[in-house]
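Report on one structure; see the data block that follows.
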Amino acid sequence: MSHAESDAYFNFIDEEVIWADIARAKKADRAEVSAVIEKATEKKGLTPYETAVLLKNTDPELDEAIFEAAISIKKAIYGNRLVLFAPLYITNECANQCAYCGFNAKNGDLDRRTLNNREIQQEVAVLEKLGHKRLLLVYGEHPRFGADWIAETIRDVYSVTSDKSGEIRRVNVNCAPLDVEGFRTLHEVGIGTYQCFQETYHRETYSKLHLAGKKADYLWRLHAMHRAQEAGIDDVGMGVLFGVFDPVFDILGLLTHCNQLERDCGVGPHTISFPRLEPALNSEMAYNPPYPTTNHEFKKIVAVLRMAVPYTGLILTTRENAETRKELLEVGVSQLSAGSRTYPGAYSDPKYDRPDVQQFCIGDNRSLDEVIRGIVSDHGYVPSWCTACYRLGRTGEHFMELAKTGFIQKFCLPNGLLTFKEYLEDYASGETKKAGEQLIRQELETYDDPKRRTLLVDRLARMENGERDLYL
Ligand code: SAM
Ligand code: SF4
């Protein structure tokens with residue numbers, strides 16, 4: 001195979017096909033848009049072309065119909081449950097030069113810091129005392145940080161337990177792509193989801209944004225999820241950085257990536273993230289995104305993703321402010337970070353809690369307790385830290401099969417309620433506890449499976465008597 005042929009073989013993103021889909025979608029009439037919305041409500045997902053039809057629609061009435069369909073799909077699959085996590089930045093040292101990131105190797109104004117074992121444990125202890133059970137570890141990319149070193153940091157996190165119910169039950173990881181052997185090392189220490197965002201699927205733009213370092217290799221990154229799956233990590237998380245290129249192109253690229261992974265490995269991504277470019281120290285482009293996305297467009301992106309990949313978790317971070325987050329929760333988000341700090345060491349030491357040196361600006365600065373109170377009081381959502389499936393081996397393809405049979409509703413809601421109860425007992429402020437207990441009572445009243453309801457009531461009572469970590 002010549003170099004050009006092998007490149008075409010490995011690059012399964014066919015840009016011409018994507019542009020052709022977009023051009024055709026622009027011509028879709030009202031009837032076609034309505035038909036795609038109707039199809040989405042069957043919860044079987046959408047093709048890239050159908051997705052483009054929705055994204056390119058400009059009729060405000062049909063946009064409203066898109067939002068309504070997304071809300072109903074979200075409710076049918078996920079109910080009113082919302083999974084919570086916190087990011088934990090382990091290092092901001094980075095050898096890459098991503099034009100949009102404050103950790104860019106050329107940024108001489110950023111104080112570089114890598115946590116040692118003791119410092120990682122201190123951070124985890126603080127997060128546990130706030131009530132967190134699920135963390136996303138974040139790393140810059142540097143030759144010093146190989147798979148063995150990353151695995152050790154993960155072991156450090158799992159090793160910390162504190163009083164009450166303090167323990168981290170799932171560690172997800174967002175680090176630079178590794179080789180299959182490296183991913184195997186991470187799999188062996190028990191990582192949850194491996195996350196890696198392609199940023200943009202447009203190759204020329206990708207090259208312009210990533211001028212040096214290992215990340216400049218587009219194909220190495222594009223195949224990261226395949227390598228992770230080969231190593232046994234069957235929960236993988238994909239993403240696009242909105243603001244750097246045409247959002248419709250990048251969503252179609254992302255869906256093409258999902259489909260390819262499903263074809264080759266039997267399972268698509270467990271989660272999708274959609275960071276939107278935020279101001280970052282010394283990044284001109286982060287202050288002036290070349291493709292800014294309005295709040296309406298962003299809401300539509302989330303809604304359309306929910307329709308296109310109905311069973312994939314959609315993750316929203318604290319990059320967005322509290323108001324935007326509220327709106328996005330309604331149209332499809334299923335996982336949310338809260339109380340985040342994006343500088344290594346900033347949870348345990350206030351001197352590192354400096355907005356000027358964070359990786360990017362945080363839009364929602366509320367504490368975990370405040371976010372939870374908002375979720376409960378403003379939305380009636382049940383915050384969940386549930387990790388039962390992963391601990392019972394229900395991951396990857398197995399999880400997706402169960403999800404499609406309504407399993408999420410049957411197990412995830414009661415298990416979510418149990419973790420919420422644990423939070424209320426051990427960590428909530430008085431006000432949050434009051435609002436939370438009321439929500440649990442309401443949920444029990446409307447829960448229509450008598451057998452599981454009895455099990456649930458029993459476990460809730462046992463929790464009041466001091467038992468912890470109970471699930472169905
Ligand atoms: N270094 C690893 C990598 O690049 O994959 C992982 C860590 S990196 C901090 C995680 C993600 O942060 C990137 O994939 C990118 O999408 C996002 N990011 C970087 N700069 C950002 C900015 N200015 N605003 C919003 N998100 C940003
Ligand atoms: Fe480094 Fe990741 Fe930031 Fe790029 S996005 S500079 S690789 S931390």
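The values are calculated or read from the model by the stated rules, or taken from the named source; none is laboratory data. Computed from a predicted structure; not experimentally measured. Quick reminder, even Gly has a Cβ in these numbers, built from the backbone with ideal geometry, and neighbours come from all protein chains shown.
Surrounded by fewer than 23 Cβ atoms within 10 Å (Cβ to Cβ) and either within 16 Å of ligand 2 (Cβ to nearest atom) or within 18 Å of Val173 (Cα to Cα) (or both): does that describe Lys133? Can you show your working first?
Numbers: surrounded by fewer than 23 Cβ atoms within 10 Å (Cβ to Cβ): no; either within 16 Å of ligand 2 (Cβ to nearest atom) or within 18 Å of Val173 (Cα to Cα) (or both): yes.
Taking the combined requirement at face value, the residue does not satisfy it.
Picking from Arg203, Arg184, which residue would you name as being under 22 Å from Phe242 (Cα atoms), more than 16 Å from ligand 2 (Cβ to nearest atom) and of a type outside the set (A, V, I, L, M)? Steps first, answer last, please.
Details: Arg184 fails: under 22 Å from Phe242 (Cα atoms).
Every option except Arg203 fails the conditions.
Only one of Asn104, Asn116, Asn92, Asn57 is buried (at least 18 other Cβ atoms within 10 Å of the Cβ), polar (S, T, N, Q) and away from ligand 1 (no atom under 16 Å from the Cβ); which?
On the way: Asn104 fails: away from ligand 1 (no atom under 16 Å from the Cβ); Asn116 fails: buried (at least 18 other Cβ atoms within 10 Å of the Cβ); Asn92 fails: away from ligand 1 (no atom under 16 Å from the Cβ).
None of the others qualify; the one that does is Asn57.
Looking at (1) farther than 30 Å from Arg112 by Cα; (2) surrounded by 17 or more Cβ atoms within 10 Å (Cβ to Cβ); (3) out of contact with any Leu (no Cβ under 7 Å at 6 or more places or on another chain); (4) at pLDDT 95 or above, which is the only condition Ala52 fails?
Ala52 satisfies every listed condition except (3).
Output the residue which, of all residues in region 159-200 that are buried (at least 20 other Cβ atoms within 10 Å of the Cβ) and small (Gly, Ala, Ser), is farthest from ligand 1 (Cβ to nearest atom).
Ser165
Among (1) within 16 Å of ligand 2 (Cβ to nearest atom); (2) part of a loop (DSSP other than H, G, I, E, B); (3) within 23 Å of the chain's Cα centre (by Cα), there is one condition Ala95 misses while meeting the rest; what is its number?
Failing condition for Ala95: (3).
Return the residues of region 254-284 that are within 14 Å of ligand 1 (Cβ to nearest atom) and touching a helix residue (DSSP H, G or I) at 6+ places or on another chain (Cβ under 8 Å); say none if nothing qualifies. Before you say what the answer is, go through the steps one by one.
Step one: filter region 254-284 for residues within 14 Å of ligand 1 (Cβ to nearest atom), giving 254, 271-284.
Ile272, Phe274, Arg276, Leu277, Glu278, Pro279, Ala280, Leu281 - these are the residues of region 254-284 that are within 14 Å of ligand 1 (Cβ to nearest atom) and touching a helix residue (DSSP H, G or I) at 6+ places or on another chain (Cβ under 8 Å).
Got a sec? Which of Arg203, Arg227 is within 18 Å of Leu252 (Cα to Cα), surrounded by fewer than 22 Cβ atoms within 10 Å (Cβ to Cβ) and modelled with pLDDT of 95 or more?
Working: Arg227 fails: within 18 Å of Leu252 (Cα to Cα).
One residue alone meets the criteria, Arg203.
Among the residues of region 138-150, is any surrounded by 15 or more Cβ atoms within 10 Å (Cβ to Cβ), within 27 Å of Ala428 (Cβ to Cβ), within 16 Å of ligand 1 (Cβ to nearest atom) and touching a residue at least 40 places away in the same chain (Cβ under 8 Å)?
Yes, there is a match, as at least one residue in region 138-150 is surrounded by 15 or more Cβ atoms within 10 Å (Cβ to Cβ), within 27 Å of Ala428 (Cβ to Cβ), within 16 Å of ligand 1 (Cβ to nearest atom) and touching a residue at least 40 places away in the same chain (Cβ under 8 Å).
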